[in-house]
Every structure is written in structure tokens, then in C-alpha cells.
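One structure below.
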Amino acid sequence: MSALKIGDRQLNSDQIVSALVQYKLLEPLVGQVLLDGAIEQVPLSEQELFSALGGDVNAEMPNLQEFVGQWCQQMEITPVYFKGVILRELRVQKFKQTYFANQIEAEFIRLKPEFDQVEFSLLQLIDLPLAQELYFHLRDDGAEFEMLARQYGQGRPGGRLGPMAMSELPPEVANLFRGGQTAVCAPIKIGEVFWIVRLEKLIAARLTEAVRASLMTRLYDRWLNAQVNTLMSQPGGIQMQSEAV
């Protein structure tokens, strides 16, 4: 029986499966195995491969095998690694483009509030009476967030912050900003700390290339997780079997 040796430890097949479950690696492994089946249906032309490896698309197409061999030498990788890792990743990227690129605009409209950004002023305090007192100084006396944050913030982030995505903010604060609240807000309890905030600038999200890439990854991850969950919920979907002699 074969075994996997890691340092001084040897794992048989049952121990390998137990380790995958214990270290929460079984689901990622299942996902990659399922992905192998999906990308079998995604062809990668010689021109696409040449371009992906940095070839000049306007130049005459060279002998691809020689070009790939030279590329592997430059990258100091073996042909086996190229086929098993690099070529596979290129096919995964084409799979994402083929099946999810046409969903990006709709997903952006659905998730746009998460990508909107804000610049805002913040003061964080633990003591509620002090937070209320400083809130009135900010609202009525024209006190500066930066000055109060330095004096009372005890090292917590404060003053003017951002740009920051709405999705990175506590929901209570994000909801205030989405409502267009621009005045100094009364102390809001966030965990064990009270936040005093004022919206300075709302930056509406645009469908940039970075946002497109982020949305494509979300769509792909959601699809892959659904495939894994479907298989793992089926009786006998994953099981140990003895190899045929």
C-alpha cells in the first residue's frame, strides 16, 4: 500500500482523507477535481496560448512547441509543471470568461452599493458620556475630528479616512451614509466602541477593470461552491474505494 510521507510522518489513504477533513482541505480539493471536468470542455487555441504567454500577436506565429519550451526555460519551470499548472490556469481563466463575463453587468447593478466608496471623518471612544459630550462639540462648536481623535482616540483610527468601500464599514454606518446623512451623527455603538462619524464624500462605483475582475471571481466562486455542495450532499458522492488489482 502506498503512503504519503511528510517529514517523519507517513499517512496511508485513510489518514490522508482524515487529514483533508481535519484541516478543511477536502472541499477545496473536491472543487478542483470538479473544475478539471468543467475545463475539459474549454479549448485553448494555439493563438490564445501564444498571446497568453506574452507573444506578439502582430508577429508571425512561431513553432508553438519551441516557443513554449523557450518560455519554460526563461521561467525556470519544467514542461510537466507547465502542462499541469500554467496551462490549466490559462484554461480556468478562459472558462471564467466564457461562462461568467456576460453576467458581470447584472451582478454589478445588484452589488453596486457594496462597491460605492466614501471618505468620512471618524472619532472612536469607549466612554459613552464622553462620546456624547464630544459629539456636541463637533456638531455645535465646530471642533475638528482630527484634533479630537488625537486627543481622545487612544490610538484608534480616526480623523478623515478613505476612500473606503461601503462593504468594509459596519452595516450601521454604511446605512447612514447610503441615506445621504452628511451631518455629524450621534454616537453609534459598534461592538465595544462608540463611533461618531460624518460623511465627507460619496464616490459612486464605476465598472472598472478591477471591479470586473472582482465580480468575475465572485461569480466563479459562487458557481464552484454550488457544485461542491451539490456533490457532497449526495449519498455516495464522495467515498473511499479499493483499487482494482
Item to check | Hey, Leu111 in a helix (DSSP H, G or I) and assigned by TED's automatic domain parsing to the domain that holds Gly55 or not | outcome: no
Checklist entry - What is the one condition in (1) exposed (fewer than 13 other Cβ atoms within 10 Å of the Cβ); (2) over 16 Å from Asn225 (Cα atoms) that Leu25 does not satisfy? => result (2)
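For (1) assigned to a loop (DSSP other than H, G, I, E, B); (2) surrounded by fewer than 15 Cβ atoms within 10 Å (Cβ to Cβ); (3) in the same structural domain as Asn175 (by TED's automatic domain parsing), each residue gets a yes or a no:
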| position | (1), (2), (3) |
| --- | --- |
| Gly55 | yes, no, no |
| Val68 | no, no, no |
| Gln74 | no, yes, no |
| Gln93 | no, no, no |
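Specify the residue that is surrounded by the most Cβ atoms within 10 Å (Cβ to Cβ); the eligible residues are those in the range 179-220 that are of a type in the set (Val, Ile, Thr) and over 25 Å from the mean Cα position of the chain (by Cα).
Start the filter on the range 179-220 by keeping residues that are of a type in the set (Val, Ile, Thr), which leaves 182, 184, 188, 190, 193, 196-197, 203, 208, 211, 217.
In the following step, the residues that additionally are over 25 Å from the mean Cα position of the chain (by Cα) were identified as 182, 184, 188, 193, 196-197.
Working: Thr182: 14, Val184: 20, Ile188: 15, Val193: 13, Ile196: 25, Val197: 27.
Applying the filter and picking the extreme gives Val197.
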Checklist entry - Has the range 156-171 got any residue that is over 21 Å from Ile126 (Cβ atoms), in contact with a helix residue (DSSP H, G or I) (Cβ under 9 Å, 6 or more places away or on another chain) and free of Cβ contacts under 8 Å to residues at least 12 places away in the same chain? => result yes
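Quick grid of which residues meet (1) under 23 Å from the mean Cα position of the chain (by Cα); (2) at pLDDT below 95; (3) not small (Gly, Ala, Ser):
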position: Leu4; (1), (2), (3): no, yes, yes
position: Asn12; (1), (2), (3): no, yes, yes
position: Val17; (1), (2), (3): no, yes, yes
position: Tyr23; (1), (2), (3): yes, yes, yes
position: Leu34; (1), (2), (3): yes, no, yes
position: Val42; (1), (2), (3): no, yes, yes
position: Glu46; (1), (2), (3): no, yes, yes
Next on the checklist: Filter the range 128-152 down to the residues that are closer than 13 Å to Phe194 by Cβ and without any contact (Cβ under 8 Å) to a residue 24 or more places away in the chain and list them by number.
Outcome noted: Pro129, Leu130, Glu133
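Return yes or no: is Val30 surrounded by 14 or more Cβ atoms within 10 Å (Cβ to Cβ), in contact with a helix residue (DSSP H, G or I) (Cβ under 9 Å, 6 or more places away or on another chain), modelled with pLDDT under 90 and under 30 Å from Ala226 (Cβ atoms)? If you could, list the steps in order and put the result at the bottom.
Values: surrounded by 14 or more Cβ atoms within 10 Å (Cβ to Cβ): yes; in contact with a helix residue (DSSP H, G or I) (Cβ under 9 Å, 6 or more places away or on another chain): yes; modelled with pLDDT under 90: no; under 30 Å from Ala226 (Cβ atoms): yes.
No.
Just give me the residues in the range 1-22 being assigned to a loop (DSSP other than H, G, I, E, B) and either exposed (fewer than 11 other Cβ atoms within 10 Å of the Cβ) or touching a His at 6+ places or on another chain (Cβ under 6 Å) (or both), in sequence order.
Listed by number, the residues that qualify are Met1, Ser2, Gly7, Asp8.
The values are calculated or read from the model by the stated rules, or taken from the named source; none is laboratory data. Keep in mind that what you see is a predicted model, and the values were worked out from it rather than measured. Note: ideal-geometry Cβ built from the backbone for every residue, glycine included; neighbour counts use all protein chains shown.
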